[in-house]
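The values are calculated or read from the model by the stated rules, or taken from the named source; none is laboratory data. Worth saying up front: this structure is predicted, and the values here are computed from it rather than measured. Cβ: placed from backbone, ideal geometry, glycine included. Neighbour counts: every protein chain shown.
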Amino acid sequence: MLAKRLRIGAGTIVAVSAVVLAASVFGVSGWRAEANLAEGTPPPMPVAAHRVSYEDNALIQERFPGVVSARRQSALGFQQGGLIEDVLVDVGDVVTAGQALARLDTRTHQAQIAAADAQTREAAAQTALARDTQERQRVLLERGHISQQRFDEVVTSADAAQARQNAAAASADAMRVQLDLTMIEAPYEGVITARLSDEGAIASPGAPILEIVETGAREVRIGLPASIIGSLVDGQHYSFEGESGDFSAVFRSNTGLMDRQTRTVAAVFDIPADQSVIIGEIARLVVETPVGTSGFWVPTDALSESRRGLWSVFILQPEQNDYRLEARVVEAIRVEADRVFVRGAVADGEYILAAGLQRVTTGQLVALQAGEEAE
């Protein structure tokens with residue numbers, strides 16, 4: 001029973017001590033507020049501050065968008081029309097240079113080649129007979145049995161027979177070329193991106209049957225201002241931000257012509273084979289350029305709009321143990337997503353209000369947030 005009373009007594013003492021401690025804390029913290037209220041002013045508002053640090057050679061990151069593309073992309077079709085006999089690939093298939101992709105029905109071409117070969121053999125036989133006749137007539141000419149005129153006519157007939165043989169052989173070769181053209185072959189290593197016709201369809205001359213995109217060589221074309229084009233170095237790697245991740249590419253060349261509408265020059269960057277980039281995605285070239293003037297960075301939330309295209313910031317002017325807000329006009333030089341490079345009547349090392357401009361006014365008394373300390 002005594003132990004129980006001792007436990008109750010100890011608990012009571014702890015509770016009373018906690019109440020006394022809390023009262024003393026609140027009393028101390030409220031003393032300053034009461035003092036301020038007694039003076040007729042509200043307590044200083046705790047604010048986040050940003051310390052000004054001037055930079056003479058500041059660099060900013062600028063981003064210029066472009067599209068990742070294959071260096072070569074082709075729509076493949078037959079040079080001549082005909083019945084499509086077979087399409088040997090489908091969308092997504094990776095093919096090598098020279099691989100057969102589709103072919104036409106070749107029965108007509110085979111028959112024409114057979115006829116041309118027969119005509120060639122016939123012409124060759126006639127040529128052989130004409131040459132034999134020429135040889136016999138030469139012997140008769142030497143013996144004086146025929147005139148030179150007669151021999152010349154025989155020679156001419158033999159030459160004409162040879163010409164007919166050559167023409168027949170050329171016609172057969174042309175037929176074989178036509179036969180070769182009934183096959184579509186991959187012009188380079190790539191991937192099939194479209195299949196526009198199937199077996200049994202009648203292909204028109206030049207009509208696209210398949211589309212292929214080169215996989216071995218990718219590039220990015222980006223329109224850049226003339227000032228940046230001049231700073232690019234041939235063969236140097238540059239950083240890009242892509243939809244599938246960051247990558248690097250090598251500057252190859254520029255067109256040297258300025259687009260009349262965009263006032264930019266197209267630059268071409270080669271993407272190395274080891275970079276995992278998807279053809280067709282948006283890529284942004286990241287270039288660091290000098291600001292060109294002395295100034296300092298401030299958070300975007302630290303700026304409020306002023307007059308004549310200028311902006312203003314709140315300076316924290318020390319006053320006893322607190323700070324009083326004073327508006328200063330600044331000029332925005334460069335704007336990024338979350339910060340702005342400015343210049344104006346602000347000294348290096350001064351503190352400015354970093355955020356919460358809508359809650360304060362010029363001349364208001366504020367205090368630094370916990371964890372922040374003026375230097």
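If only one of Val286, Val298 is over 30 Å from Ala347 (Cβ atoms) and of a type in the set (A, V, I, L, M), which one is it? Result: Val286 is the single residue among Val286, Val298 that is over 30 Å from Ala347 (Cβ atoms) and of a type in the set (A, V, I, L, M).
Asp348 meets each of the listed conditions (1) under 30 Å from Ser244 (Cβ atoms); (2) touching a residue at least 40 places away in the same chain (Cβ under 8 Å) apart from (1).
With a cut-off of at least 3 residues that are closer than 23 Å to Gly216 by Cβ, in contact with a Phe, Trp or Tyr (Cβ under 8 Å, 6 or more places away or on another chain) and of a type in the set (D, E, K, R), name the strands (runs of 3 or more DSSP E) lying wholly within the range 39-114. It would help to see each step written out before you state the result.
Values: elements: 45-47, 49-51, 59-70, 73-77, 82-87, 100-104.
Strands (runs of 3 or more DSSP E) meeting the threshold: none at all.
May I ask you to verify whether Thr262 is touching a residue at least 12 places away in the same chain (Cβ under 8 Å), among the polar types (S, T, N, Q) and not in a loop (DSSP other than H, G, I, E, B)? Here the answer is no, as Thr262 does not meet what is asked.
Close Cβ contacts (under 6 Å, 6 or more residues apart or on different chains) running from residues in the range 149-174 that are in the same structural domain as Glu122 (by TED's automatic domain parsing) and among the polar types (S, T, N, Q) to residues that are assigned to a helix (DSSP H, G or I) and surrounded by 13 or more Cβ atoms within 10 Å (Cβ to Cβ) comprise Ser157/Ala130; Gln162/Thr127; Gln165/Ala123; Gln165/Ala124; Gln165/Thr127; Ser171/Ala116. If the Cβ limit is 8 Å and pairs must be 6+ apart or interchain, which residue in the range 180-205 that is more than 16 Å from Thr106 (Cβ to Cβ) pairs with which residue that is part of a strand (DSSP E or B) and hydroxyl-bearing (Ser, Thr, Tyr)? Taking only residues 6 or more apart or on different chains, the pairs are Pro187/Ser74. Within the range 271-305, the residues that satisfy the criterion of being small (Gly, Ala, Ser) and within 26 Å of Leu59 (Cα to Cα) are Ala283, Gly292, Ser294, Gly295, Ala302, Ser304. Only one entry in Leu325, Leu316, Leu285 is touching a Phe, Trp or Tyr at 6+ places or on another chain (Cβ under 6 Å), buried (at least 17 other Cβ atoms within 10 Å of the Cβ), within 17 Å of Leu357 (Cβ to Cβ) and touching a residue at least 60 places away in the same chain (Cβ under 8 Å), namely Leu316.
Would you kindly identify the strands (runs of 3 or more DSSP E) lying entirely within the range 173-244 that contain at least 1 residues that are under 18 Å from Val68 (Cβ atoms) and under 18 Å from the mean Cα position of the chain (by Cα)?
Working: elements: 183-185, 190-195, 208-214, 218-224, 237-242.
The strands (runs of 3 or more DSSP E) meeting that bar are 208-214, 218-224, 237-242.
May I ask you to list the residues in the range 162-172 that are in contact with a Ser or Thr (Cβ under 6 Å, 6 or more places away or on another chain) and either among the small types (Gly, Ala, Ser) or not in a helix (DSSP H, G or I) (or both)? Across the range 162-172, the qualifying residues are Ala168, Ala169, Ala172.
Inspect the range 313-333 for any residue being of a type in the set (A, V, I, L, M, F, W, C) and not in a strand (DSSP E or B) and give the result as yes or no.
Initial filter on the range 313-333 (of a type in the set (A, V, I, L, M, F, W, C)): 313-316, 325, 327, 329-330, 332-333.
Next cut, not in a strand (DSSP E or B) only: none.
Scanning the range 313-333, I find no residue that is of a type in the set (A, V, I, L, M, F, W, C) and not in a strand (DSSP E or B), so the answer is no.
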